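Q: Dropping the structure in here first, questions after.
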Amino acid sequence: MVALGAGVLGGCTIAVPVAPPSESTRAAAPPSYAAPTVQAGHDAAAVAAQNMGFEAGTTLSPNIAVGFSDILGQADNAYDVAPVPAEWTLVKNNVAGQTQYANAAGCKVAYWVSANQGPLITSGDDRASSADLMKYLIPSLVPDSLKETSLPWVAEAGKPGPVITFLGYGTRSAAGVDASSVWGRMLGTAGTGLLVSLACPTDELLATTTPRVFTKLSVAPPSN
């Protein structure tokens, strides 16, 4: 399989598979019309207003990509105090589909989106598809070790709203190895894989940094 997106998890490179184009796809002539990008009668606003649990994945429009929103580079400044610099510094901006930030404490957060994930999708079952995505990324993981985690499901990171369910996997720090977590969600109907990773020098730092990241990172629902 071809690697589409890559991310860093505890110093390891992660690659997400995509299905190779079929002979019929390679030989097909380009269409003479623009195919519709929104399913007829689909209410994107209603979908965006509800929690995107695993069972809700089928309410998305088919093959319409879903992406992230972040304000990690923005400082938490109040009007009545002196301004302070942002905690996170941008390291990569959509390089091969991946965006990465780092902070002064030595933590690194990355997120990326992958498309055309047919080999990993179980039709109508986002939980099974998400578990397969995580298993592909980390072959040694035990399925029972995956824990459900919620990220914001809002168009603008930092705003209140519903949540989207991910599966998460974590490793503890060791000599010369950061503590790390990776969260994955496969949206089978949308044909989109979503991945977030966070690595910090210690277990304690990872635990305190994770909620701060989630207040500044969201999955943005597609709109009409």
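Q: Can you tell me how many residues in the stretch 130-148 are free of Cβ contacts under 8 Å to residues at least 60 places away in the same chain and assigned to a helix (DSSP H, G or I)? Give the steps one after another, and end with the answer.
A: Restricting attention to the stretch 130-148, the residues satisfying the condition of being free of Cβ contacts under 8 Å to residues at least 60 places away in the same chain are 131-132, 134-135, 139-148.
Restricting the remaining residues to those that are assigned to a helix (DSSP H, G or I) gives 131-132, 134-135, 143-145.
Total satisfying the criteria: 7.
Q: Can you name the residue in the stretch 23-64 that is surrounded by 15 or more Cβ atoms within 10 Å (Cβ to Cβ) and hydrophobic (A, V, I, L, M, F, W, C) and is also modelled with the lowest pLDDT among such residues?
A: Filtering first and then ranking leaves ALA44.
Q: Now for a separate question. For the stretch 119-151, name all the residues that are of a type in the set (Lys, Arg) and in contact with a helix residue (DSSP H, G or I) (Cβ under 6 Å, 6 or more places away or on another chain). Before you say what the answer is, go through the steps one by one.
A: From the stretch 119-151, those of a type in the set (Lys, Arg) are 127, 135, 147; that's our starting set.
Listed by number, the list holds a single entry, ARG127.
Q: When you check SER197 against the structure, is it in a strand (DSSP E or B), in contact (Cβ under 8 Å) with a residue 60 or more places away in the chain and polar (S, T, N, Q), yes or no? Before the answer, list the steps.
A: Numbers: in a strand (DSSP E or B): yes; in contact (Cβ under 8 Å) with a residue 60 or more places away in the chain: yes; polar (S, T, N, Q): yes.
Spelling it out, SER197 is indeed in a strand (DSSP E or B), in contact (Cβ under 8 Å) with a residue 60 or more places away in the chain and polar (S, T, N, Q).
Q: Where residues in the stretch 149-171 are in contact (Cβ under 8 Å) with a residue 40 or more places away in the chain and hydrophobic (A, V, I, L, M, F, W, C), which of them is surrounded by the fewest Cβ atoms within 10 Å (Cβ to Cβ)?
A: Looking at the filtered set, the residue picked out is ALA155.
Q: Here is a check on your reading of the model: is PRO119 assigned to a loop (DSSP other than H, G, I, E, B) and either of a type outside the set (Lys, Arg) or on the phi < 0 side of the Ramachandran plot (or both)? Spell out the reasoning first.
A: Details: assigned to a loop (DSSP other than H, G, I, E, B): no; either of a type outside the set (Lys, Arg) or on the phi < 0 side of the Ramachandran plot (or both): yes.
So PRO119 does not fit the description; no.
Q: Which ones in the stretch 158-179 are of a type in the set (Gly, Ala, Ser), under 25 Å from GLU204 (Cα atoms) and in a loop (DSSP other than H, G, I, E, B)?
A: Within the stretch 158-179, GLY158, SER173, ALA175, GLY176 meet the criteria.
Q: Okay, next question. Got at least one residue in the stretch 97-111 being small (Gly, Ala, Ser), in a strand (DSSP E or B) and touching a residue at least 24 places away in the same chain (Cβ under 8 Å)? Break it down into steps so the answer makes sense when it comes.
A: Just the residues of the stretch 97-111 that are small (Gly, Ala, Ser), to begin with: 97, 102, 104-106, 110.
Imposing the further condition that a residue be in a strand (DSSP E or B) reduces the set to 102, 110.
When the remaining residues are screened for being touching a residue at least 24 places away in the same chain (Cβ under 8 Å), the result is 110.
Checked against the condition, which is being small (Gly, Ala, Ser), in a strand (DSSP E or B) and touching a residue at least 24 places away in the same chain (Cβ under 8 Å), the stretch 97-111 yields at least one hit.
Q: Name the residue that is modelled with the lowest pLDDT, counting only residues in the stretch 134-148 that are out of contact with any Pro (no Cβ under 9 Å at 6 or more places or on another chain) and surrounded by 20 or more Cβ atoms within 10 Å (Cβ to Cβ).
A: Start the filter on the stretch 134-148 by keeping residues that are out of contact with any Pro (no Cβ under 9 Å at 6 or more places or on another chain), which leaves 137-148.
From what's left, surrounded by 20 or more Cβ atoms within 10 Å (Cβ to Cβ): 137, 146.
Values: LEU137: 92, LEU146: 97.
Among them, the one singled out is LEU137.
The values are calculated or read from the model by the stated rules, or taken from the named source; none is laboratory data. What you see is a predicted model, and the numbers here were worked out from it, not measured in a lab. Because the Cβ atoms are built from the backbone with ideal geometry, glycine has one as well, and the counts that use them run over all protein chains shown.
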